[in-house]
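One structure is given here, and the rest of the page talks about it.
The values are calculated or read from the model by the stated rules, or taken from the named source; none is laboratory data. Keep in mind that what you see is a predicted model, and the values were worked out from it rather than measured. Methodologically, a virtual Cβ is constructed for each residue, glycine included, from the backbone with ideal geometry; neighbour enumeration extends over all protein chains shown. For the accessible areas, the whole protein counts, side chains as well, though only heavy atoms, and no ligand, DNA or RNA atoms are used. Shrake-Rupley method; radii C 1.70, N 1.55, O 1.52, S 1.80 Å.
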Amino acid sequence: MANTDLNKPAAKGGSFLLESPSLQDVFTPADLSDDQKLIGQTTEEFVLKEVLPVVKDLEAKKPGLMEGLCRKAGELGLMGPGIAEEYGGAGLDDIAVTVLTEKVSVDASFAITQSAHAGLGTVPIVDFGSEEQKRKYLPKLASGEYIGAFALSEPQSGSDARNTLTRAELNKEGTHYILNGQKMWITNGGFADLFIVFAAVDGDKLTAFIVEREFPGCNPGAEEHKLGLHGSSTTPLFFENCPVPKENVLHEIGRGHVVAFNTLNMGRFRIGVKCVGEAKHVLMSASKYSKERKAFGKPIGEFGLIKEKLAELAIRIFAAESIIYRTAGYINEAMRAGEDSGKKPQNAAQVLAEYAVECSIAKVHGAEMLDFVVDEAVQIFGGYGFHEDYPVCRAYRDARVNRIFEGTDEINRTVMILTLLKRATGGHLPIIPAAKEPADETQANPSKEGTPAGVLAEEWGVVAHAKTIFRQALGGAVRRFHEKLDDEQELVGAVANIVMEIYAMESGLLRAQKAAASKGEGAAAVMIDAARVFIADAIGRVDHDARRAIAAVYEGDMLKTQLAMLKRLDERPAVDTIALRRRIADAVQAQDRYPFEGR
Ligand SMILES: Cc1cc2nc3c(=O)[nH]c(=O)nc-3n(C[C@H](O)[C@H](O)[C@H](O)COP(=O)(O)OP(=O)(O)OC[C@H]3O[C@@H](n4cnc5c(N)ncnc54)[C@H](O)[C@@H]3O)c2cc1C
């Protein structure tokens, strides 16, 4: 199945489930150029110097403060990173935008403000806007003169976004669409100048509109009282006979779902990126505190159970970071494909649709990683972690929403599997032919053929077997439930978990192998430890989900046979994860930071 052929073409979205890329095809943080690193540094410095000192005022919603910060960030090019230079933007590539998004995330409220603007509020115009719309709006969005926002959700429909009650009707003169309805949860609603609004035309044609705050009848409501992200603005948005010029229809009438879902693919990916940025900062604080705080006559950071936590935080961040940079590499490569040959670069929306599964994984894995990180960090801080004077308390509150917005984690789990199945039935990704043969493939003892020797060779075998387990689980599910698989959400969720673990395991594994190949095994030793521990634990989770999935599909003797096959596939190397975690914790504490930065 998997191989290490060094001359394969770039991966297609979802193809990681069937094959392994060569090391040179996988982008890792060690591959960042000096320019990309500089963008990261500039961004981080801005947040540390300009945002963190005023966090309390931001949380108190001091009037004008967040808008002022956005404008300052605009002067540095942080508000329009993905906008082409001809429209006043920084014209950064997708990897540089990823670094910027990660580094802007030291403060979650500023990060969500920036990403609702630079991502959700701007990208629809970049990807779907007419030339006139781009010339009119992008320069103002790039400079921060205009703050953008994205208005899809409504009080009665968030996940079910197509069920919009907001209506748009063309006026008698045929010049304007008249909007009526209510949006809910609009990030930046309190001060945004421009909204991407979704409304139904002629009853059911979901359509995107560019709506300026100044249009009569566009009325943002009062700030919501949220669990976290107190520094960010979230309001409802009311439309009362709001006339929107016909020229402000974005893309086409009835094609709003295309605008929305493609924008959300990008949004999901960036949520994963943001979560990595936030988690690194939390780990830094937790490591410092573990050395300052004493109990029983010594720093708490010397206790094994605290070291274990620090190590685990670093390991989980490592997996999530490996996912996002690998994915950023694919997106960037696909976007630029054809540039050298003089062909037009691919449309961003098409590229993001290609990597929709990876974008959903980045989001769900990142959000769940961050929730784990902030929870354990609060534990390291003890009672002080529960006190508002300590930033980890704010990080805990701020993290929770990542599992909810940009498609809840439940929705994203189903999106992953349904997207894969759609590709399979469309003949783009041969998972179903492969999935129909699990018995042939696994009745024999799992083959070790093709397993490369060297660093993490045993773990490579584990990942390869996990891919077979995926096909066993999905194959059984498809054969049993056919097109009714949608209704078996728990089963779909279990298979989605396996998909995520495979991508995470393999991304960390390839990154550690690549680091060892370029810097030597000794220099990459701690990263290799992190990959080994992650894989040792992840395969246990894969086994758990595969058992659940298989038991939901088979019964009687067939169930026993399938479980016996699973057992044979679930052969694991013996790993002393306690000893490895101690070494990883030492590396964290030696620098009080995430130990694999830029590596
Ligand atoms: C702080 C914040 C900022 C936000 N910013 C924006 C913004 O800028 N623009 C915008 O448009 N929206 C925004 N949102 C809205 C956000 O996208 C929605 O809250 C989210 O999509 C979930 O929708 P909902 O709240 O209606 O929950 P619901 O859709 O009612 O979901 C409730 C629960 O049911 C589950 N569920 C729903 N459908 C299914 C299903 N088919 N299968 C399984 N489970 C299901 C969900 O996973 C969830 O657990 C924001 C929300 C918050 C909290």
Residue in region 181-223 that is modelled with the lowest pLDDT, counting only those that are open to solvent by 60 Å² or more (accessible area, probe 1.4 Å) and more than 32 Å from the chain's Cα centre (by Cα): 202
Which of the residues that make up region 101-137 are more than 14 Å from the ligand (Cβ to nearest atom) and of a type in the set (Val, Ile, Thr)? 101, 104, 106, 125, 126
Mind checking which pairs have a first residue in region 244-260 that is of a type outside the set (Phe, Trp, Tyr) and a second that is assigned to a helix (DSSP H, G or I) and open to solvent by 60 Å² or more (accessible area, probe 1.4 Å), Cβ under 7 Å, 6 or more apart or different chains? 247/132
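Under the condition of being within 23 Å of residue 141 (Cβ to Cβ) and open to solvent by 20 Å² or more (accessible area, probe 1.4 Å), which residue from region 166-180 is nearest to the ligand (Cβ to nearest atom)? Reasoning before the result, please.
Step one: list which residues in region 166-180 are within 23 Å of residue 141 (Cβ to Cβ), which gives 166, 168, 176-177, 179.
Then keep just the ones that are open to solvent by 20 Å² or more (accessible area, probe 1.4 Å); that gives 176-177.
Details: 176: 23, 177: 19 Å.
Checking each candidate, the answer is 177.
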Return the residue satisfying two criteria in turn: it lies in region 252-279 and is among the charged types (D, E, K, R) and assigned to a helix (DSSP H, G or I), and of such residues it is nearest to residue 152 (Cα to Cα). 268
Flagged in region 197-226 as touching a Gly at 6+ places or on another chain (Cβ under 8 Å) and within 9 Å of the ligand (Cβ to nearest atom), in numbering order, are 198
Filtered residues of region 7-39 (kept if within 25 Å of residue 76 (Cβ to Cβ), open to solvent by less than 30 Å² (accessible area, probe 1.4 Å) and among the hydrophobic types (A, V, I, L, M, F, W, C)): 32
Qualifying position, being open to solvent by 20 Å² or more (accessible area, probe 1.4 Å) and touching a helix residue (DSSP H, G or I) at 6+ places or on another chain (Cβ under 8 Å), among 248, 262: 262
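Among the candidates 380, 331, 404, 417, which residue alone is touching an Asp or Glu at 6+ places or on another chain (Cβ under 6 Å) and either more than 13 Å from residue 275 (Cβ to Cβ) or of a type outside the set (Ser, Thr, Tyr) (or both)?
Numbers: 380 fails: touching an Asp or Glu at 6+ places or on another chain (Cβ under 6 Å); 404 fails: touching an Asp or Glu at 6+ places or on another chain (Cβ under 6 Å); 417 fails: touching an Asp or Glu at 6+ places or on another chain (Cβ under 6 Å).
Only one candidate passes the filter, namely 331.
Given the residues 396, 330, which is the only one that is within 16 Å of the ligand (Cβ to nearest atom), more than 12 Å from the chain's Cα centre (by Cα) and of a type outside the set (A, V, I, L, M)?
Values: 330 fails: within 16 Å of the ligand (Cβ to nearest atom).
Of 396, 330, the one residue that is within 16 Å of the ligand (Cβ to nearest atom), more than 12 Å from the chain's Cα centre (by Cα) and of a type outside the set (A, V, I, L, M) is 396.
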Could you please let me know if residue 214 is charged (D, E, K, R), out of contact with any helix residue (DSSP H, G or I) (no Cβ under 9 Å at 6 or more places or on another chain) and farther than 24 Å from residue 73 by Cα? no
State whether one or more residues within region 353-364 are without any contact (Cβ under 8 Å) to a residue 24 or more places away in the chain and either within 16 Å of the ligand (Cβ to nearest atom) or open to solvent by less than 10 Å² (accessible area, probe 1.4 Å) (or both). no
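Considering 580, 566, 510, which residue is open to solvent by less than 30 Å² (accessible area, probe 1.4 Å) and touching an Asp or Glu at 6+ places or on another chain (Cβ under 6 Å)? Explain how you work it out, then say what you get.
Values: 566 fails: touching an Asp or Glu at 6+ places or on another chain (Cβ under 6 Å); 510 fails: touching an Asp or Glu at 6+ places or on another chain (Cβ under 6 Å).
Sole residue among the options that is open to solvent by less than 30 Å² (accessible area, probe 1.4 Å) and touching an Asp or Glu at 6+ places or on another chain (Cβ under 6 Å): 580.
Within region 83-124, can you find the residues that are among the small types (Gly, Ala, Ser) and within 26 Å of residue 211 (Cα to Cα)? Quick ask: steps written out before the conclusion?
First, the residues of region 83-124 that are among the small types (Gly, Ala, Ser): 84, 88-91, 96, 105, 108-109, 111, 115-116, 118-119, 121.
Within region 83-124, 84, 88, 89, 90, 91, 109, 111, 115, 116, 118, 119, 121 meet the criteria.
Go through 439, 453 for me and flag whichever is open to solvent by less than 50 Å² (accessible area, probe 1.4 Å) and modelled with pLDDT under 95.
Numbers: 453 fails: open to solvent by less than 50 Å² (accessible area, probe 1.4 Å).
It is 439.
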Do you know which residues across region 388-429 are touching a residue at least 40 places away in the same chain (Cβ under 8 Å) and on the phi > 0 side of the Ramachandran plot? 406, 407
Got a number for residues in region 524-548 being open to solvent by 60 Å² or more (accessible area, probe 1.4 Å) and either within 22 Å of the chain's Cα centre (by Cα) or hydrophobic (A, V, I, L, M, F, W, C) (or both)? 1
Which residue pairs have Cβ atoms closer than 7 Å, lie 6 or more positions apart in sequence or on different chains, and pair a first residue in region 479-495 that is open to solvent by 100 Å² or more (accessible area, probe 1.4 Å) with a second residue that is modelled with pLDDT of 95 or more? 480/553; 489/414
Within region 40-56, residues being touching a residue at least 40 places away in the same chain (Cβ under 8 Å) and open to solvent by 40 Å² or more (accessible area, probe 1.4 Å) number 4
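I need the full set of residues from region 156-165 which are of a type outside the set (Gly, Ala, Ser) and either free of Cβ contacts under 8 Å to residues at least 40 places away in the same chain or open to solvent by less than 30 Å² (accessible area, probe 1.4 Å) (or both), in order please.
First, pick out the residues of region 156-165 that are of a type outside the set (Gly, Ala, Ser): 156, 160, 162-165.
Residues satisfying the conditions are 156, 160, 163, 164, 165.
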Select from region 399-432 the residues that are among the basic types (Lys, Arg) and within 10 Å of the ligand (Cβ to nearest atom) and write down the one among them that is farthest from residue 17 (Cα to Cα). 400
Please work out if residue 341 is out of contact with any Leu (no Cβ under 6 Å at 6 or more places or on another chain), among the polar types (S, T, N, Q) and either at pLDDT 95 or above or crowded, with 24+ Cβ neighbours inside 10 Å (or both). no
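If we keep just the residues of region 105-122 that are closer than 13 Å to residue 194 by Cβ and in contact (Cβ under 8 Å) with a residue 60 or more places away in the chain, which is surrounded by the fewest Cβ atoms within 10 Å (Cβ to Cβ)? First the steps, then the outcome.
Just the residues of region 105-122 that are closer than 13 Å to residue 194 by Cβ, to begin with: 116-118, 120-122.
Of the ones still in play, those that are also in contact (Cβ under 8 Å) with a residue 60 or more places away in the chain are 116-117, 120-121.
Working: 116: 25, 117: 28, 120: 27, 121: 28.
Here the answer is 116.
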